[in-house]
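The values are calculated or read from the model by the stated rules, or taken from the named source; none is laboratory data. Keep in mind that what you see is a predicted model, and the values were worked out from it rather than measured. Because the Cβ atoms are built from the backbone with ideal geometry, glycine has one as well, and the counts that use them run over all protein chains shown. Surface areas here come from the heavy atoms of the whole protein model, side chains and all, with no ligands, DNA or RNA. Shrake-Rupley method; radii C 1.70, N 1.55, O 1.52, S 1.80 Å.
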Amino acid sequence: MIVSFTAFTLYYICFVTAFTLRPIGFSTEMLTEGWINRYSEPFPGRYGKNSTLQQVKPVINATSRGLVEWSEPLSQCHLRNYWDPDIPFANSYIRLVFELFVVIGICVQVFLDFRDIKRIGRKKWWNVLTAFPAKITFKLTYFLVLAMIPTRLACDLSPVLLVVDNVLITVTMIFTTVHYLYYCRVIRFVGPFVLMVYTIIATDIFRFMLIYGIFLMGFSQSFSLIFLSCEREANVIKKLITDQSEASEGSDNKFNLTRQISAYDTAIVKNAEVFENVMQSPIEAFVRTFILTIGEFTVLYRNLALCPANTMVWIGKVVFILFELFVSIMQFNMLIAMMTRTYETIFQTQLEYKRQRAQVILMLELSLSPKERHQYLLKYSRPTGTNKKTRSLVVSKKSAFSRDSKKGQKVLEEKMKKMIEEKKAVLKRKMKDMEIKEGIRPVTGYSRTPRPHTQYMNRGAGGGANGVQNGNGAAH
């Protein structure tokens, strides 16, 4: 375990170093098309290379070429051009060395995984791996790192590949860091909490999201329709105001428009002028409703109050109250209750970290040969019961009852009886072995020849003769 942890730490140091040495300024320059240069400085003015140039293009101060107009080839392939003189030495050649270490480490790990799969079988290897989510995410980084190689080599094809490379390295960084949870499971004061996180995500949050997604989808589309109706009414009033301002003075058209606007309340006209639809599309409505569940409802409720359609205002308020009751209050408290139950169930188990340690050891043993595995087994385990061949790690669980109760005393008595029976069996076996060694008791079982042991027969015959002589003496 220590060897595995040390090897991963060295790999992680190389990975983080290669990540931090990436020339981020060149990526910013590429995304902003030169308006924020590689030195994180915004372009100061609207001018080109010289005063006669009419095109509005930023100028980049390239160290090797001086002032040049920005173009995509200047920063599109900066991650691949390690030999570019404009890139600092640490961000080019030193980064190349650490990236090579990372690729070599990935290749070695892939080779070891293929060897383990060949040794124990693909199905068994996957069944063991599924017990460690952090291990699965770490193994996904193998493919992400290897996918960066063709992406970086083909950077000349499109600037989008630079974005893809940045996304891959960001996801890889997160998944690689999460792998430390795999080793935290063996620590006494951290291991149970790691298991709690896994269990809560896999069971409680998954079930909650199934129910929450149904409510979220329904309420989000309801809010979308309400705001769409408000937007239509606001557009009608805005159009009347625009047409009124454009109409000529004293015309019948302006008189009719003024009369139509006067039919609305003054507050409704003012609200229509400042109303904004914060749910322009169903996807935006879905996101906005999700933000609403975490308590950020100021924007939505303020724009709902500015809706020029009074009917939609009241409908929207009713939907808002129902959403807060059935989602923000009821379902989130239900999620808290489920997570609390999971936490208490795991917390009641004493020495849970030992069970986690045993699982990590079993995972690490997959990369060992059977002979090495047996040697390590003898080191970290101990015999259980009277059978010396049965070895295990003992995990104690907290009893759900007290020792002073009748149920607790009954369980303790049963345990004591079982221990006494085991000790009697061990003592009986030792006495039997001792009698066989001293010759007092004949050896039972199968021997190589069916011939009986004559030493016991002679002893019996001698004893019988002595008895006859003693009897004759008594008769005389």
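Within the range 167-188, restricting attention to residues that are over 13 Å from the mean Cα position of the chain (by Cα) and either at pLDDT 90 or above or over 28 Å from residue 19 (Cα atoms) (or both), the residue that is most open to solvent (accessible area, probe 1.4 Å) is 188. If the condition is being in contact (Cβ under 8 Å) with a residue 24 or more places away in the chain, open to solvent by 20 Å² or more (accessible area, probe 1.4 Å) and part of a helix (DSSP H, G or I), then the range 17-30 contributes 17, 19.
Within the range 151-164, track down each residue that is in a helix (DSSP H, G or I) and over 22 Å from residue 174 (Cβ atoms). I'd like the intermediate steps shown before the answer.
Of the range 151-164, the ones in a helix (DSSP H, G or I) are 151-153, 160-164.
Matches in the range 151-164: 153 only.
Which residues, taken from the range 311-348, are farther than 25 Å from residue 213 by Cα, touching a Ser or Thr at 6+ places or on another chain (Cβ under 9 Å) and at pLDDT below 85? Listed by number, the residues that qualify are 345, 346. Scanning the range 256-300 for residues that are open to solvent by 20 Å² or more (accessible area, probe 1.4 Å), outside any helix (DSSP H, G or I) and of a type outside the set (D, E, K, R) returns 263, 264, 280, 281, 294, 295, 297. Among the residues of the range 202-237, those that are among the β-branched types (Val, Ile, Thr) and farther than 22 Å from residue 297 by Cβ comprise 203, 205, 236, 237.
Count, please, the residues in the range 76-100 that happen to be part of a loop (DSSP other than H, G, I, E, B) and under 18 Å from residue 15 (Cβ atoms). Can you show your working first?
First, the residues of the range 76-100 that are part of a loop (DSSP other than H, G, I, E, B): 76-88.
Restricting the remaining residues to those that are under 18 Å from residue 15 (Cβ atoms) gives 79, 82.
Residues that pass the stated criteria total 2.
For the range 236-249, which positions are without any contact (Cβ under 8 Å) to a residue 60 or more places away in the chain and open to solvent by less than 80 Å² (accessible area, probe 1.4 Å)? 236, 238, 240, 241, 242, 243, 244, 247, 248, listed by residue number.
Taking the range 295-309 as the range and being over 33 Å from the mean Cα position of the chain (by Cα) and among the small types (Gly, Ala, Ser) as the test, the residues that pass are 305, 309. Checking each residue of the range 189-207 against the condition of being modelled with pLDDT of 80 or more and more than 15 Å from the chain's Cα centre (by Cα) gives at least one match.
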